[in-house]
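Notes follow once the structure below has been shown.
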Amino acid sequence: MKAVQDYIKSNKKKFLDELIEVLEIPSISADSKYNKDVRKTAKFVASKLKSAGAKKVKLYETEGHPIVYGEKVVDKSLPTILVYGHYDVQPPDPLELWDSPPFKPVIKKTKLHPKGAIFARGACDDKGQMYMHLKAFESMIATDSLPCNVKFMIEGEEEVGSDNLGIFCKEYKKMLACDVVLLSDTSIIANNVPSITTGLRGLSYLEVEVTGPNRDLHSGVYGGAVANPCNILCDMIASMHDKNGKVAIPGFYKDVKTVSAKERKEMNKAPFSLNQYKKDLKIKDVKGEKGYTTLERTSIRPTLDVNGMWGGYTGEGAKTVLPSKAFAKISMRLVPNQDSATITKLFTKHFKKIAPPGVTVKVKPHHGGTPAVTPTNTPEYKAAALAMEKTFGKKPLPQRSGGSIPIVALFEKVFGVKSVLLGFGLDSDDIHSPNEHFGLFNFYRGIETIPYFYKYYCELKK
Ligand code: BES
Ligand code: MN
Ligand code: MN
């Protein structure tokens, strides 16, 4: 292990230069204007996998963006780790809120990253974290210390729902056969409080359209006499939470698996300062479901949120208009046992039912996702915990996350294996927001920790 760690130490600058290079390519999967850049990023990842020592490196074409695959099979009798990551990123908008351009990475110190952080779209989610795996692999190959087989599957559509990766996994099930999936696309609690993600929420995402009169009207001539879709949509959305902050869709909580009092007590022991949380977000108070702490509200409880809303006149100045239509994008985060398709159905039925007679409504489902939980009594969790303890000098805490990585549940279904969510970001790294960043400490700590995971996993699987 010393040779690997020495190799990492002496290649820090090279690793960072390469990360900067990949962050410079705007691989925005949601926007077809960037299709060429998405492909360029896939090719970059493939070439780095190849030069690190992977075999059978190939871009697999899909209906959408390509999947990068590569493997190193040393001995069929040894365990196989399937590394998953995504090279696509979220759109960087609103651009004016970035302190430096999203695809011109810069390194700056911050309060939580005194050794510097790299600022760019995708720095943490997930290019920076995905790249740690390539460099850890390179370091093990270069020092002849790869202890098992490894397969890489890096996709370009995670931020748009991973539909094509799901098809790919089923089609290439044999090629992808593995003992465990390893990914870094989540967070730790703090740089001195390591943690391993043991749960992800599911997702039901949809768009609604409310239509009133057949055209935009003068809000003076018609106002007060005709249902205003913007007013109505606000009413309808407001009615979807009761006074205790519970989602008011009938049946919404029916399948929610209750978390034991003991487990809740345990999870609330994680270091967390509500004051710091409020200060960081510049809010006077938090808001959420009554009877649950902030940590619980963002991990073990389902939610409903408007992600965007529009209709009528939103340009400069004033235009007196009673809009014909109003729209909203709504996400519901789901927890174990809730089913995305069932929740989408319940929402649709309820939304249609509460629409007053003056309007008509449409509901268009977008992507969904199944929640996932990972047990802590498996060789893979234990190996991850030992690896983190080795590099952080502290036992990591298990923690359920509020985010979603829908493909993780599919891995379990198709490959029959669990995933290890060995993330190294911080929740405050502004993923999906302006000024996304990733600590250099986190980047290097990830590269150092991954080879230990391989080592301990192989030892525990013997
Ligand atoms: N890496 C995130 C998910 C995440 C972030 C998990 C932080 C835990 C902590 C992933 O790229 C993501 O953004 N997922 C989307 C869902 C997807 C279907 C667009 C999400 O959670 O909104
Ligand atoms: Mn991600
Ligand atoms: Mn993301």
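The values are calculated or read from the model by the stated rules, or taken from the named source; none is laboratory data. Nothing here was measured: the structure is a model prediction, and the numbers come from that model. For neighbour counting, all protein chains shown are included, and Cβ atoms are generated from backbone atoms with ideal geometry for every residue, glycine included.
Yes/no matrix, rows are residues, columns are (1) within 27 Å of P365 (Cβ to Cβ); (2) surrounded by 15 or more Cβ atoms within 10 Å (Cβ to Cβ); (3) not assigned by TED's automatic domain parsing to the domain that holds Y381:
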position	(1), (2), (3)
I189	no, yes, no
S195	no, yes, no
D216	no, yes, yes
I232	yes, yes, yes
P250	yes, no, yes
A261	no, no, yes
K265	no, no, yes
I283	no, no, yes
T293	no, yes, yes
*Has segment 333-355 got any residue that is of a type outside the set (G, A, S) and modelled with pLDDT under 95?*
no
_With the structure loaded, tell me whether I167 is assigned to a helix (DSSP H, G or I) and either modelled with pLDDT of 95 or more or out of contact with any strand residue (DSSP E or B) (no Cβ under 8 Å at 6 or more places or on another chain) (or both) or whether it fails that test._
yes
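Of everything in segment 236-259 that's of a type outside the set (A, V, I, L, M) and without any contact (Cβ under 8 Å) to a residue 12 or more places away in the chain, which residue is nearest to K329 (Cα to Cα)?
D242
The rows are residues; the columns are (1) in contact (Cβ under 8 Å) with a residue 60 or more places away in the chain; (2) within 16 Å of ligand 3 (Cβ to nearest atom); (3) among the aliphatic types (A, V, I, L, M); (4) out of contact with any strand residue (DSSP E or B) (no Cβ under 8 Å at 6 or more places or on another chain).
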{"position": "L59", "(1), (2), (3), (4)": "no, no, yes, no"}
{"position": "H65", "(1), (2), (3), (4)": "yes, yes, no, no"}
{"position": "V68", "(1), (2), (3), (4)": "yes, no, yes, no"}
{"position": "V73", "(1), (2), (3), (4)": "yes, no, yes, no"}
{"position": "Y84", "(1), (2), (3), (4)": "yes, yes, no, no"}
{"position": "V89", "(1), (2), (3), (4)": "yes, yes, yes, no"}
{"position": "P92", "(1), (2), (3), (4)": "yes, yes, no, no"}
{"position": "P101", "(1), (2), (3), (4)": "no, no, no, yes"}
_I'd like to check something: does segment 120-142 contain any residue that is surrounded by fewer than 19 Cβ atoms within 10 Å (Cβ to Cβ), basic (K, R) and away from ligand 2 (no atom under 16 Å from the Cβ)?_
no
*Among (1) in the same structural domain as F351 (by TED's automatic domain parsing); (2) buried (at least 19 other Cβ atoms within 10 Å of the Cβ); (3) not small (G, A, S), where does N244 come up short?*
(2)
*asked:* Looking for something in contact with a helix residue (DSSP H, G or I) (Cβ under 8 Å, 6 or more places away or on another chain) and within 16 Å of ligand 1 (Cβ to nearest atom) - is there at least one such residue anywhere in segment 133-148?
replied: yes
*Can P26 be described as in the same structural domain as E436 (by TED's automatic domain parsing) and within 24 Å of E436 (Cα to Cα)?*
yes
*Does I447 qualify as being at pLDDT 95 or above, buried (at least 17 other Cβ atoms within 10 Å of the Cβ) and within 16 Å of ligand 2 (Cβ to nearest atom)?*
no
_Criterion: closer than 16 Å to T303 by Cβ and surrounded by 12 or more Cβ atoms within 10 Å (Cβ to Cβ) - qualifying residue of V210, V256_ = V256
*Which of the residues belonging to segment 378-416 are in contact with a Gly (Cβ under 6 Å, 6 or more places away or on another chain) and hydrophobic (A, V, I, L, M, F, W, C)?*
L410
*asked:* Looking only at helices (runs of 4 or more DSSP H) that lie completely in segment 258-332, which have at least 3 residues being more than 18 Å from V210 (Cβ to Cβ), modelled with pLDDT of 95 or more and in contact with a helix residue (DSSP H, G or I) (Cβ under 8 Å, 6 or more places away or on another chain)?
replied: 294-297
*I154 is checked against (1) of a type in the set (A, V, I, L, M); (2) within 16 Å of ligand 2 (Cβ to nearest atom); (3) assigned to a loop (DSSP other than H, G, I, E, B) and fails just one. What number does that condition carry?*
(3)
_It is to be established whether one or more residues within segment 31-42 are surrounded by 21 or more Cβ atoms within 10 Å (Cβ to Cβ) and within 29 Å of P379 (Cα to Cα)._
no
_Being assigned to a strand (DSSP E or B), at pLDDT 95 or above, at negative phi and of a type outside the set (K, R) is the requirement here; does I141 meet it?_
no
